[in-house]
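Bear in mind that the values in this text are calculations on the coordinates, not laboratory data. The model shown is predicted, which means the values in this text are computed figures rather than measured ones. Neighbour counts are summed over all protein chains in view; Cβ atoms, including those assigned to glycine, are modelled from backbone coordinates with ideal geometry.
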Amino acid sequence: IIEEVTGQSYAEFMETTFFRPLGMDQTHLLDQRRIVPHLAQGYAWNDGELQRNRRVWQFALTSHFGVMSSLDDLIRWEAELSDPKLINRKALEATWEIQRPFDTGRQCDTWGYARGWQVVVANGRRILNHGGYSGTAYIRDVDTGLSVIVLTNREDTPNALSPLSLGWEAAQAVDSTIPSDGYRCWE
């Protein structure tokens, strides 16, 4: 849709509309041909052995997982999400609306999948989270402004916290009202 409407490739649109204006010089879409200084390759455990992860092929359209970034650039992105200048605020807030509620037979204010986010509303508090490939996690409390970004270069590691679990632990360390294992629905 973006390419049809703008006449630009998805990568060009993201670069000219968001990355460049926000000063996100270390952010780009996946391009396996590109030499990226300081790029941390992704790894995963497979039968007790550490191997490069499976995401080493080139895709034509990579909006579902192909944005490569740095902590500095993600801080710039978070600043835009917190106080939008380029992004339409109503469009941004629409990304928090649950499109697919989860029904686990348990009580929750609201819990489900929005447009790219897992959303939990507990006690009226809206918390978004998303885990990415190769060991990333992003947690945003849109009501208090607390955000946690976790970047690692591993998909999984035996006997260690997942990146999303690390994010929830960090959020709880800053705000004790957030459970360290993430918000869960109760029985």
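Each peptide among 171-182, 36-47 gets the average number of other Cβ atoms lying within 10 Å of its residues, and from highest to lowest they stand as 171-182, 36-47.
With the simple model of a label 7 Å out from the Cα in the direction of the Cβ, E3 to N46 spans 2.9 nm. Along the range 33-46 the Karplus relation, 6.51 cos²θ - 1.76 cosθ + 1.60 evaluated at θ = phi - 60°, assigns HN-Hα couplings of 7, 6, 8, 10, x, 6, 5, 8, 6, x, 10, 8, 8, 9 Hz to successive residues, with x for each Gly and Pro.
Order of 138-149, 88-99 by packing, highest average Cβ count within 10 Å first?
138-149, 88-99
Could you tell me the relative contact order of the range 1-87? Use alpha-carbon pairs under 8 Å, at least six residues apart, and round to a whole percent.
Across the range 1-87, relative contact order equals 33 percent.
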